[in-house]
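See below for the structure under consideration.
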Amino acid sequence: MRDFAAAAQPLTDAGGLREALRAATSLVVLTGAGISAESGVPTFRGTGGLWRNYSPEELATPEAFARNPRLVWEWYDWRRQVIYQAQPNAGHQALVELEHRIAARPPGEGGFTLVTQNVDGLHDRAGSRQVLKLHGDIWLTRCTVCGALERNEYVLLKELPPRCRCGCVLRPGVVWFGETLPAAEWERASQACARTQVIMVVGTSAVVYPAAGLAELARAAGARLAIINLEPTPLDSRADWVLSGKAGAILPALL
């Protein structure tokens, strides 16, 4: 196990969050682009959000893919190359340790649930298990005709756009603007939030719905809410703890 005590930085404003985490038998963590940005993955809304003068909103849509699938795939191929070179950071690793600690406690109703808006797979590479991926997985492809899912981890795809075994065009296995979230993942995330004791929202602006609504769902069900982010969020006024800073420093310190 990683020596988090050695890496931890003191948190003078953590209040009772450490104690709440020590006592919890059910915990939901919702992560966003901020935790991956610390590993060098550009965020949609950050300074690295543009690619060839295109914004993500211009490319991550079914309409953009229908107009020019090769252009959209060139963007995703570039993103995959950037992500491939990134490594999980101390924030990702701290969540793995937190999952182990919750699992070792007397069983409660909820256990540990990690819900992410990220598509990069860094939680999986860090060692988190059964991650609920609300926005899909950039390493998956889905056939636009037969619907077949395929895991494709080639950094440079041999053909753009890539094609399914049936001969039809593949699309990235992600959720685009205007599309609905995967029903099974959303249902599991909602159920976990309805019974959790604590929910931590990490590295997200909390403005993208419906994902941001999970914190409100958990709060309404009686959970205590912690926000860990570099910038203020709309949820701050309803949170029990607001810790401003990088997840890679704050999460190990909480352990």
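Structural remarks
- Amide H within-cut-off set for residue 112, under 5 Å, with H built and near neighbours excluded: 27
- The ranking of 160, 170 by Cβ neighbour count inside 10 Å, starting from the fewest, reads 160, 170.
- Over the C-alpha atoms of the chain, the Rg to Rh ratio, Rh being the Kirkwood estimate, stands at 0.98.
- Annotation: amide H-H contacts under 5 Å for residue 163 (H modelled 1.01 Å from N, sequence separation of 5 or more, or interchain): 170.
- The chain: most fluctuating residue of 119, 202, 145 per GNM, C-alpha cutoff 10 Å: 145
- Neighbour count of at most 15 Cβ within 10 Å plus DSSP loop: longest GluC sites (Glu not before Pro)-free window in the chain: 1-108
- The order of 133, 246, 158, going from fewest to most other C-beta atoms within 10 Å of their C-beta, is 158, 246, 133.
- Each of residue 103 and residue 238 was given a label point 7 Å from its Cα along the Cα-to-Cβ line. The distance between the two points is 3.1 nm.
- Of the residues 35, 138, 250, the one with the fewest other Cβ atoms within 10 Å heads the list, and the complete ranking is 138, 250, 35.
- Inter-probe distance in nm under a simple model that places probes 7 Å from Cα toward Cβ, at residue 146 and residue 87: 4.0 nm
- Whole-Hz couplings from phi, Karplus 6.51/-1.76/1.60, listed for the range 85-95; x for Gly and Pro: 7, 7, 10, x, 9, 4, x, 4, 5, 5, 5
- In this rough spin-label picture, where each label sits 7 Å from Cα along the Cβ direction, the residue 78-residue 158 distance is 2.5 nm.
- Alpha-carbon centroids, the range 73-102 and the range 139-205: separation in whole Å: 15 Å
Every number in this text was worked out from the coordinates using simple rules, so none of it is lab data. What you see is a predicted model, and the numbers here were worked out from it, not measured in a lab. Every residue, glycine as well, gets a Cβ built from its backbone with ideal geometry; the counts of neighbours run over all protein chains shown.
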